[in-house]
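Remarks on the structure that follows.
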Amino acid sequence: MIRFDNVTKVYGNDVLALERVSMEIGQGEFVFLVGASGSGKSTVVRLILKEIEPSAGTVYVNGRRLSAIPRRQIPRHRRSIGCVFQDFKLLPNKTAAENVAYAMEVTGQRRRAIRTKVPQILELVGLANKMDKYPDQLSGGEQQRVSIARAFVSQPPILIADEPTGNLDPETSVGIMQLLHRINRIGTTVLVATHDKEMVDVMRKRVIALEDGRIVRDRVKGAYLDEV
Amino acid sequence: MRFNLGFFLREAFKNMRLNLLMSVTAATTTFMCILVLGIGMLVNAHVSDIIRSIGERVEITAFFPEDATQQEIRQAREEVQSWPEVRESTYVSKEEALQRFQESLPEIAQNLEDNPLPASIEISLHDPADSQAVADRLVESGYFAREDISYPAQTIDRLNTITGYITWALRGATALFLISSVLLISNAIRLSIFARRKEIEIQKLVGASDNFVRMPFVVEGMVQGLIGSAVAALVVVWLNFFFVDWANRNIPFFPISATAVDTVSTMAILIAVGVIIGVAGSYLSVRRFLKV
Ligand SMILES: Nc1ncnc2c1ncn2[C@@H]1O[C@H](COP(=O)(O)OP(=O)(O)O)[C@@H](O)[C@H]1O
Ligand SMILES: [Mg+2]
């Protein structure tokens, strides 16, 4: 599903964000990417989205080498990856329902399909009664649910979340993680970048740990820190 | 991908409502640019119309010799009328000449015993610049002597020089003006897009193609350009009617005509320019923010 082959990323001339990172994430896996702030988690996410190019090494997503995807086809590539961010990245002038619908409009889906699908998915994330609220009328947890609904509405094979609970309190975070877990159980590959220790420890999923841009650990049923 | 016009229109109108101030700014900028451009077109049209009508009044008069026969006069008239430079030629017989003379200077005319005035042919041209050539041809044709042909050579020369200057000045001004309007308008649009660059970034992260992001902006630019230039075109046409009406009442000796400006095509040109500038301005401005 996702494969990094000796990937190095240098920002500018001297900021080494990732150093010879190799990893493989299979279909249907649920993986935590952990590490302190600045360890390179977001860089991994941005490489997968082809927002940036690696300085060396190769990134494969869905069996395709990203460097072989021409600029014109980047939108299609991104549509195969649902994306959730720490700051939600909702369109401020659109309601919850319109934000979710936008992700479907982008793929050119029919209005009728959009009209039936959007309420379903918002109900799934527990926002059936907040569909017509604008982002600034929703709590952080609710906004994150909208953004998960948007990421998932086209049922992409991969869902990536970069610090999805970074702006949320612990109780709300649990709900968001459960949601991601449910999405994973229907077969979606889920990658969550986070430094939320408790969450990682509770879920007992595969954990890949980054430190200063290098992979220092990869455990199948791991915790945030190494169990001694 | 399916081209979703309805979606783009809805998006564009919603964005305009939400960014009303920006939209009004862009439409107002278009309005002012097109207004000045339109006024330039009015000035251009009236100046060339005035020059043309002055040119029409310039006539070549060729006097027939005393001994010209009716036969010669008829042949001369036919020949002159067939020349392509000639717009109109009028024959003035001896009797008509006398009659005109009596009307304009009755005291002197009273003292005339017989009719000393020659018959003549009055020729107006399509282009007064051809006067010299036509005068030469009149001599070559053999019906007239050089000294019997009169035309206001100096007036014509001066008129041609002035026309040349004015035409170039107007063309230069129009070109400068068009360039600065494109800059002004695309700047207004760029500001409004800059305010929304975060949105564009999000749209691209969700997988929107460049064209999908761009389309609502382009529709917006088109609508703003259309509104701004349509209002400007109406004002320009109203200004023209107002000016012609005023001129005819206050400076009737000046040849200002309502037909100098073709209202429909002027409006069409102004609106087309406004729409094109709006579309091009937004298309080019969005491009800078699409590199996500
Ligand atoms: N656009 C950028 N330009 C320069 N340096 C950057 C840029 N983005 C990230 N970095 C640097 O790269 C390193 C890794 O950053 P990032 O991947 O965002 O880490 P994380 O998401 O784990 O906090 C950090 O040292 C950060 O300062
Ligand atoms: Mg980060």
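The values are calculated or read from the model by the stated rules, or taken from the named source; none is laboratory data. Note that the coordinates shown come from a computational prediction; the quantities given were computed from them, not determined experimentally. Cβ atoms come from the backbone with ideal geometry, glycine included; neighbour counts cover every protein chain shown. Heads up: the accessible areas ignore ligands, DNA and RNA and are worked out on the full protein's heavy atoms, side chains in. Shrake-Rupley method; radii C 1.70, N 1.55, O 1.52, S 1.80 Å.
Go through the range A:60-90 residue by residue and tally those that are within 13 Å of chain B (Cβ to nearest Cβ), over 15 Å from the mean Cα position of the chain (by Cα) and open to solvent by 60 Å² or more (accessible area, probe 1.4 Å).
Residues flagged as within 13 Å of chain B (Cβ to nearest Cβ), over 15 Å from the mean Cα position of the chain (by Cα) and open to solvent by 60 Å² or more (accessible area, probe 1.4 Å) within the range A:60-90 amount to 3.
Scan the range A:91-105 for residues that are at the interface with another protein chain (Cβ under 8 Å from one of its Cβ atoms) and farther than 15 Å from A:GLN155 by Cβ and jot them down.
Selection gives A:LEU91, A:PRO92, A:ASN93, A:TYR102, A:GLU105.
Restricting the first residue to the range A:14-29 and requiring it to be within 16 Å of ligand 1 (Cβ to nearest atom), which pairs with a second residue that is open to solvent by 80 Å² or more (accessible area, probe 1.4 Å) and in a strand (DSSP E or B) meet a Cβ separation below 9 Å and a spacing of at least six or different chains?
Note: pairs meeting the criteria are A:LEU18/A:ARG214; A:GLU19/A:ARG214; A:ARG20/A:ARG214; A:VAL21/A:ARG214; A:MET23/A:ARG3.
Before we move on, is A:ALA193 small (Gly, Ala, Ser) and either more than 16 Å from ligand 2 (Cβ to nearest atom) or assigned to a helix (DSSP H, G or I) (or both)?
Considered against the rule, which asks whether it is small (Gly, Ala, Ser) and either more than 16 Å from ligand 2 (Cβ to nearest atom) or assigned to a helix (DSSP H, G or I) (or both), A:ALA193 comes out as no.
Here is a check on your reading of the model: is A:ARG185 surrounded by fewer than 21 Cβ atoms within 10 Å (Cβ to Cβ), closer than 12 Å to A:TYR224 by Cα and either within 14 Å of ligand 2 (Cβ to nearest atom) or more than 14 Å from chain B (Cβ to nearest Cβ) (or both)?
In short, no.
In the range B:75-166, which helices (runs of 4 or more DSSP H) lie fully inside it and hold 2 or more residues that are open to solvent by 40 Å² or more (accessible area, probe 1.4 Å) and on the phi > 0 side of the Ramachandran plot?
Correct list: empty, since no element meets the threshold.
Which residues, taken from the range B:193-212, are within 13 Å of chain A (Cβ to nearest Cβ), touching a residue at least 24 places away in the same chain (Cβ under 8 Å), within 41 Å of the chain's Cα centre (by Cα) and in a helix (DSSP H, G or I)?
Across the range B:193-212, the qualifying residues are B:ASP210, B:PHE212.
Restricting to the range B:17-61, name every residue that is within 14 Å of chain A (Cβ to nearest Cβ) and open to solvent by less than 20 Å² (accessible area, probe 1.4 Å).
The answer is B:SER23, and nothing else.
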